[in-house]
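Quick notes on the structure that follows.
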């Protein structure tokens with residue numbers, strides 16, 4: 001009789017030691033070690049069934065977020081977040097004649113993701129490149145044009161009219 005072929009060790013999939021723990025069973029008598037208060041301590045709101053509180057709850061006292069006046073306008077939801085790249089880093093990774101845009105910066109590992117890119121002037125710069133990015137600082141633009149590069153910034157799309 002032929003012996004059954006054993007699967008190689010690579011295919012013996014199981015969770016690592018200690019990954020799966022047993023659920024702690026609470027409130028099942030003194031002998032269980034988790035009886036009476038079931039690990040919730042003595043008395044109080046959090047020991048009761050359904051005794052949850054919400055974020056910012058201060059024990060019934062008027063919460064801070066309701067004590068303070070909320071007035072005025074915040075620009076936070078409308079702020080523009082840029083990924084910044086310095087001219088010095090661009091000078092190291094690009095050769096003359098290349099185009100600097102979001103796609104090429106991602107390929108060269110200078111930025112990640114889909115946030116718009118802003119070029120800053122830190123570092124030495126001596127290349128003749130074509131910049132086509134969301135934003136560039138005035139000093140970076142001056143440095144780039146002095147080195148013979150061309151800078152074009154696409155127009156921002158118009159927002160909704162109210």
Original post:
What is the calculated FRET efficiency for residue 92 to residue 155, with r their C-beta to C-beta distance and R₀ = 25 Å, to the nearest 0.05?
Top reply: 0.25
**OP:** Rank 73, 11, 57 by mean-square fluctuation in a GNM of the chain with C-alpha springs under 10 angstrom and give only the top-ranked residue.
**Re:** 11
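By per-residue mean of other Cβ atoms within 10 Å, what is the highest-first order of 119-126, 93-100, 39-46?
The most tightly packed comes first, giving 119-126, 93-100, 39-46.
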Subject >> GNM result for the chain, Cα springs below 10 Å: residue of 132, 12, 20 fluctuating most strongly >> reply: 12
Subject >> Separation of the residue 138 and residue 55 label points, Cα + 7 Å toward Cβ, nm >> reply: 4.0 nm
Subject >> Which label in (i) 49; (ii) 45; (iii) 73 gives the computed percent of Cα pairs over 20 Å apart >> reply: (iii)
**OP:** Measure off 7 Å from each Cα along the Cα-to-Cβ vector at residue 23 and residue 107, then give the distance between these two points in nanometres to one decimal.
**Re:** 5.3 nm
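Helix-only estimate, please: 222 nm mean residue ellipticity of the chain, summing -39500 (n - 2.57) across DSSP H runs of length 4 or more and dividing by its residues, to the nearest 500.
-4000 deg cm²/dmol
Read the figures in this text as sums done on the coordinates, not as results from a lab. Quick caveat, the model's predicted, so the values are computed rather than measured. Cβ atoms come from the backbone with ideal geometry, glycine included; neighbour counts cover every protein chain shown.
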